[in-house]
Amino acid sequence: NAGVTQTPKFRVLKTGQSMTLLCAQDMNHEYMYWYRQDPGMGLRLIHYSVGEGTTAKGEVPDGYNVSRLKKQNFLLGLESAAPSQTSVYFCASRAEEGFRYGYTFGSGTRLTVV
Amino acid sequence: TQLLEQSPQFLSIQEGENLTVYCNSSSVFSSLQWYRQEPGEGPVLLVTVVTGGEVKKLKRLTFQFGDARKDSSLHITAAQPGDTGLYLCAGAPGNQFYFGTGTSLTVIP
């Protein structure tokens, strides 16, 4: 099994450009998440989804949009990139939402906005 | 303000040494998880602890959940270069987890 696959792995954007990060999971998980990881800040939740067709805001949602049109895919969009969005983005999934269940993470997308 | 504080932030030790890293909070958690993250990769789940005072062992790694369910420790015995990585704790006050900033461990051969 591939688990959670993120594309692309690296991207450089100019301020104001848009892009979409793709996350695909093959574990039939209901719950999917987008995090960003910054030095000294840890992993912070951007948006998440509790099932196909649903999305919800996390801790730092401003400047991002998401869509979950298919159960296996979770897309993260940046409409107008800003330097503050330079970060490493991780997608994660898990089978259940309860506190006993861990996350399976992708290998990340390193985004630089210049 | 971080919900979870991890210490130390950085740790560099020689192969064969023992070490303990800590994860502390003023909040009570339903459960606490530990992850290891290698450079260029995503975090990988090591363990989930749910009962106050619970101790779990994974080969040379020992995880303990505090009696009051506010803190946790990770002890590594006879560290090896393969243990190098960022160790993250994550606590769930409810069903959603919050991550600490991590302890970056380097084990020197």
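Listed values, structure above:
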{"item": "Looking only at the range A:1-39, and only at residues there that are crowded, with 16+ Cβ neighbours inside 10 Å and among the basic types (Lys, Arg), the one that is farthest from the other protein chains (Cβ to nearest Cβ)", "result": "A:Arg11"}
{"item": "Given (1) without any contact (Cβ under 8 Å) to a residue 40 or more places away in the chain; (2) among the polar types (S, T, N, Q); (3) more than 28 Å from A:Arg36 (Cα to Cα), index of the condition B:Thr48 fails", "result": "(3)"}
{"item": "Looking only at the range B:51-105, and only at residues there that are touching an Asp or Glu at 6+ places or on another chain (Cβ under 9 Å) and of a type in the set (Ser, Thr, Tyr), the one that is surrounded by the fewest Cβ atoms within 10 Å (Cβ to Cβ)", "result": "B:Thr84"}
{"item": "Candidates A:Gly58, A:Gly42 - the one that is in contact with a strand residue (DSSP E or B) (Cβ under 6 Å, 6 or more places away or on another chain), within 10 Å of another protein chain (Cβ to nearest Cβ) and within 24 Å of A:Val114 (Cα to Cα)", "result": "A:Gly42"}
{"item": "Matching residues, the range A:93-109, being closer than 21 Å to B:Thr51 by Cβ and either more than 7 Å from chain B (Cβ to nearest Cβ) or of a type in the set (Val, Ile, Thr) (or both)", "result": "A:Arg94, A:Glu96, A:Tyr101"}
{"item": "Residue match in the range A:53-73 (condition: touching a residue at least 40 places away in the same chain (Cβ under 8 Å) and in contact with a Leu (Cβ under 8 Å, 6 or more places away or on another chain))", "result": "yes"}
{"item": "Condition broken by A:Asn65, with the remaining ones in (1) outside any loop (DSSP other than H, G, I, E, B); (2) within 14 Å of chain B (Cβ to nearest Cβ); (3) farther than 30 Å from B:Pro8 by Cα satisfied", "result": "(2)"}
{"item": "Spans of strands (runs of 3 or more DSSP E) in the range B:35-109 with at least 3 residues within 11 Å of chain A (Cβ to nearest Cβ)", "result": "B:44-49, B:85-92"}
{"item": "Residue within the range B:35-42 that is farther than 24 Å from A:Tyr48 by Cβ and of a type in the set (Lys, Arg) present", "result": "no"}
{"item": "Residue count, the range B:1-16 (criterion: more than 8 Å from every other protein chain (Cβ to nearest Cβ), polar (S, T, N, Q) and more than 14 Å from B:Val107 (Cα to Cα))", "result": "4"}
{"item": "Pick from the range A:1-20, criterion polar (S, T, N, Q) and touching a residue at least 60 places away in the same chain (Cβ under 8 Å), ranking: farthest from A:Val66 (Cα to Cα)", "result": "A:Thr15"}
{"item": "Members of the range B:17-37 that are within 24 Å of B:Leu105 (Cα to Cα) and surrounded by 20 or more Cβ atoms within 10 Å (Cβ to Cβ)", "result": "B:Val21, B:Cys23, B:Ser25, B:Ser31, B:Leu32, B:Gln33, B:Trp34, B:Tyr35, B:Gln37"}
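Residue by residue, here is whether (1) at negative phi; (2) in a strand (DSSP E or B); (3) within 13 Å of the chain's Cα centre (by Cα) holds:
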site	(1), (2), (3)
A:Thr15	yes, no, no
A:Tyr33	yes, yes, yes
A:Gly40	no, no, no
A:Pro61	yes, no, yes
A:Leu69	yes, no, no
A:Leu76	yes, yes, yes
A:Ser80	yes, no, no
A:Gly102	yes, no, no
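FYI, it's all coordinate maths here, none of it is from the lab. From a predicted model like this one, the values you see are computed outputs, not experimental measurements. Please note: Cβ atoms are built from the backbone with ideal geometry, for glycine as well, and neighbour counts cover all protein chains shown.
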